[in-house]
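A.B. asks: This structure is in structure tokens; I'll ask about it shortly.
The values are calculated or read from the model by the stated rules, or taken from the named source; none is laboratory data. No experiment lies behind these values; they were computed from the predicted model shown. Positions of Cβ are backbone-derived with ideal geometry, glycine not excepted, and every protein chain shown enters the neighbour counts. Each accessible area value is taken on the protein alone, full model and side chains, heavy atoms only, with ligands, DNA and RNA left out. Shrake-Rupley method; radii C 1.70, N 1.55, O 1.52, S 1.80 Å.
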Amino acid sequence: MSGGTALVNRPVITAWSAVSPFGIGRAAFTEGIRERRPAAAGLDDERWQAAGDCACLVPDFDLRTVLGKKGVRSMDRVTGLAVTTVARLLDDAPRNRWVATGEDAALVLGTTTGSVQSQMDFTRDSLTGEKPYLVDPARFPNAVMNCAAGQSAIWHQLKGPNTTIAGGHAAGLYALNYARRLLTFGRARTVLCGAVEEFSHARSWLERHAHRPGTEGPAQLPGEGCGLLLVEQHGPGARDDVEQPVLAEILAVEMGIALDGGVRPALAACLRRALDRAGVRPEEIWAVSTSEAPGPSGEQERAAVAEAAEGADPVHLTQAALIGDTGAAAAAFQIAGVLVHAESTPEAAGRVALVTSVDRDGAVGCALLRLAGPR
């Protein structure tokens, strides 16, 4: 399965932000990655009642503190993470708000399944509430998968296409590919593109029961957060006359499905298509960020990457040990990590980075980025 589309004018990443276990905003993520600071912390058992006693949470994330009291009474955590990340990206530079809001500004947000906590809470209330099974109608939108994207658009005046894509760990790459298509076919002039995942009581127990120690190895600590990119057409397609601050060119995005555990052949096929589409030789790959999938899937992911990058000696960028398993947000954080590394590495300019993703349910994918290097 190919997710690629031929491009005449490749899109570029011009800005990014993150709300992560390192803290709120781009600066916090950058500092955490450069310091290689583990973000794991103990959980308050009374509050979370989680399946484990540690997780990588966004520190001190309180909706009323971060977003104010207005409009957050019924907002759930995953929506708050997304709304906050959009706000941080738009406020990072005056140009961002100018080009990324309005009628032709799109939002594409990847997820696993929205907020599983909200879905379970709403279902439970419908079964346990007093007859005639009354529930709080204000909380119903949280149980819908596209709530986070919709609320983000409402809060920040994003009036173009609004899309939610469910893809597990590969959601960030699915979103990036969808954003690229919106730009290619003129459906939007700028796209805020990323993915979000929350930590919750419900998610922790679902992960505990879904984990297969015999085939997946030790479980990773759960993490959470939202990573977001501002993606635009390069050059003449820019919306204003202000210089376009290109961070990376999106050379190719390819997606596939691994059947019966065959991660290596499925991912290898994606990598070959991406390299061919981008016109990049394997030895040109300078940096690699894999999803660090656990167990045999991770071994197959690394083998496929080694095969694709034969003849190169790429830098391997890792972050799962620092921020945990961030679920749907993982690929977006991988891209942000690549950009952080490129910003402080002069030799990154003009070089190619490879980002790969593997999900437990069989989704695989990759993206090739040509980095602009330090600015």
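A.B. asks: Looking at the chain, identify the longest residue range that excludes and avoids all chymotrypsin sites (Phe, Trp or Tyr not before Pro) in DSSP loops having at most 12 other Cβ atoms within 10 Å. List each step's numbers first, then the result.
C.D. replies: Details: sites that count: 133, 185.
Free of exposed loop sites, the longest segment is 186-375.
A.B. asks: Calculate the spin-label point distance for residue 130 paired with residue 74, positioning each point 7 Å from the Cα along the beta-carbon direction, and give it in nanometres.
C.D. replies: Rounded to a tenth, the inter-label distance reads 2.0 nm.
A.B. asks: Counting other Cβ atoms within 10 Å, which trypsin sites (Lys or Arg not before Pro) in region 47-125 have at most 15 and lie in a DSSP loop?
C.D. replies: Details: sites: 47, 64, 69, 70, 73, 77, 88, 95, 97, 124; in loops: 69, 70, 73.
Counting only loop positions with at most 15 other Cβ atoms within 10 Å, the trypsin sites (Lys or Arg not before Pro) in region 47-125 are 69, 70, 73.
A.B. asks: A further question follows. I'd like the GluC sites (Glu not before Pro) in region 263-363 restricted to DSSP loop residues with at most 12 other Cβ atoms within 10 Å, sorted by number. Walk me through the numbers on the way to the answer.
C.D. replies: Details: sites: 283, 284, 292, 299, 301, 307, 310, 343, 347; in loops: 292, 310.
When the GluC sites (Glu not before Pro) of region 263-363 are filtered for loop state and at most 12 Cβ neighbours within 10 Å, 310 remain.
A.B. asks: Additional query: What shape does the chain take by its C-alpha gyration tensor, where a ≥ b ≥ c are the square roots of the eigenvalues and a/c under 1.5 counts as rounded, a/b above b/c as prolate, and the rest as oblate? Before the final figure, lay out each step's value.
C.D. replies: Details: a/c = 1.65, a/b = 1.24, b/c = 1.33.
Oblate, because a/c is 1.5 or more while a/b does not exceed b/c.
A.B. asks: Keeping all protein chains in place and using 1.4 angstrom, which order do 302, 180 fall into by accessible surface area, from largest down? Before the final figure, lay out the partial values.
C.D. replies: Working: 302 125, 180 0 Å².
Listed by decreasing accessible area, they come as 302, 180.
A.B. asks: Accessible surface of residue 43 in the full protein assembly, 1.4 angstrom probe, to the nearest 10 Å²?
C.D. replies: Accessible surface of residue 43 is approximately 30 Å².
A.B. asks: Can you give the relative contact order of region 39-129 as a percent, counting alpha carbon pairs under 8 Å and 6+ residues apart? Show your work: numbers first, answer last.
C.D. replies: Numbers: 37 pairs, mean separation 15.4, N = 91.
About 17 percent, as a whole number.
A.B. asks: Dipole size in debye (nearest 20) for region 138-257 around its Cα centre, Lys and Arg Cβ +1, Asp and Glu Cβ -1? Before the final figure, lay out each step's value.
C.D. replies: Numbers: 10 positive and 11 negative charges, 95 e Å.
Magnitude of the dipole: close to 460 debye.
A.B. asks: In a Gaussian network model over the chain where Cα atoms closer than 10 Å are linked, find which of 194, 129, 262 has the largest mean-square fluctuation.
C.D. replies: In the Gaussian network model the winner is 129.
A.B. asks: Anything in the chain that counts as a DSSP H helix reaching 15 Å or more along its axis (C-alpha) with Kyte-Doolittle mean of at least 0.0? List them, would you?
C.D. replies: Details: long enough: 77-92 (22 Å, 0.57); 116-128 (18 Å, -0.68); 171-184 (20 Å, 0.31); 263-278 (22 Å, 0.25); 295-308 (20 Å, -0.74); 330-343 (20 Å, 1.28).
Answer set is 77-92, 171-184, 263-278, 330-343.
A.B. asks: Please work out the Cα center distance from region 95-136 to region 294-370, rounded to the nearest Å.
C.D. replies: Taking the Cα centre of each part, region 95-136 and region 294-370 sit 29 Å apart.
A.B. asks: Additional query: If you take every residue apart from residue 287 with its C-beta less than 13 Å away from the C-beta of residue 287, what net charge results, scoring Lys and Arg +1 and Asp and Glu -1?
C.D. replies: On the way: positive: 351, 370; negative: 284, 313, 343, 347.
For residues surrounding residue 287, the net value is -2.
A.B. asks: Would you mind telling me the antiparallel percentage of the DSSP bridges in the chain, rounded to 5?
C.D. replies: On the way: 38 of 58 bridges.
Taking every DSSP beta bridge within the chain, about 65 percent pair in antiparallel fashion.
A.B. asks: Using the Cα centre of region 162-215 as the reference point, and only Cβ charges (+1 on K/R, -1 on D/E), how large is the resulting charge dipole? Debye, rounded to the nearest 20. Each step should come with its number before you reach the end.
C.D. replies: Details: 7 positive and 3 negative charges, 51 e Å.
So the dipole magnitude of region 162-215 works out to roughly 240 debye.
A.B. asks: Same structure again: Report the one residue of 98, 279, 27 whose Cα lies farthest in the direction of the positive end of the charge dipole of the chain (charges on C-beta: Lys and Arg +1, Asp and Glu -1; origin at the Cα centre).
C.D. replies: Towards the positive end, the residue furthest out is 98.
A.B. asks: Still on this structure, please answer the following. Answer with one residue from 334, 38, 230: the one whose Cα lies farthest towards the positive end of the charge dipole of the chain, charges on Cβ with Lys, Arg +1 and Asp, Glu -1.
C.D. replies: Among 334, 38, 230, the one farthest towards the positive end of the dipole of the chain is 230.
A.B. asks: Which residue, 228, 251, 267, tops the fluctuation ranking in a GNM of the chain built on C-alpha contacts under 10 Å?
C.D. replies: Looking only at 228, 251, 267, the largest GNM fluctuation is found for 251.
A.B. asks: Of 266, 149, 252, which has the largest mean-square fluctuation in a 10 Å C-alpha GNM of the chain?
C.D. replies: For the chain, modelled as a Gaussian network with Cα springs under 10 Å, the answer is 266.
A.B. asks: Sorted by average packing, counted as other Cβ atoms within 10 angstrom per residue and highest first, what order do 335-342, 365-372, 324-331 take?
C.D. replies: On the way: 335-342: 24.4, 365-372: 26.4, 324-331: 29.0.
Per-residue mean Cβ counts within 10 Å order the peptides as 324-331, 365-372, 335-342.
A.B. asks: Show which aspartates and glutamates lie in cross-link reach of residue 131 when reach means a straight Cα distance below 18 angstrom and same-chain residues fewer than eight apart are skipped.
C.D. replies: The reachable aspartates and glutamates, counting only those whose Cα sits under 18 Å from residue 131, are 121.
A.B. asks: Going toward the positive end of the dipole of region 11-145, with +1 on Lys and Arg Cβ and -1 on Asp and Glu Cβ, which of 135, 14, 115 do you reach last?
C.D. replies: Final value for the positive-end residue is 14.
A.B. asks: Where the only charges are on Cβ atoms (+1 Lys, Arg; -1 Asp, Glu), what is the dipole of the chain about its Cα centre, to the nearest 20 debye?
C.D. replies: Roughly 860 debye, rounded to the nearest 20.
A.B. asks: Nearest 500 deg cm²/dmol is fine: what mean residue ellipticity at 222 nm does the chain get from its DSSP H runs of n ≥ 4 alone, each adding -39,500 (n - 2.57), divided by its residue count? Before the final figure, lay out each step's value.
C.D. replies: Numbers: 14 runs with 140 residues, N = 375.
So the calculated ellipticity at 222 nm is -11000 deg cm²/dmol.
A.B. asks: Pull up the cross-link candidates among the aspartates and glutamates for residue 159, meaning alpha carbon to alpha carbon under 15 Å and not fewer than 8 places away within one chain.
C.D. replies: Within reach: 103, 104.
A.B. asks: Further question on the same structure: Please go through region 171-255 and write out the GluC sites (Glu not before Pro) that DSSP classes as loop and that have at most 15 other C-beta atoms within 10 Å. Walk me through the intermediate numbers first.
C.D. replies: Numbers: sites: 197, 198, 207, 216, 224, 232, 243, 249, 254; in loops: 198, 224, 243.
Hits after loop and neighbour filter: 243.
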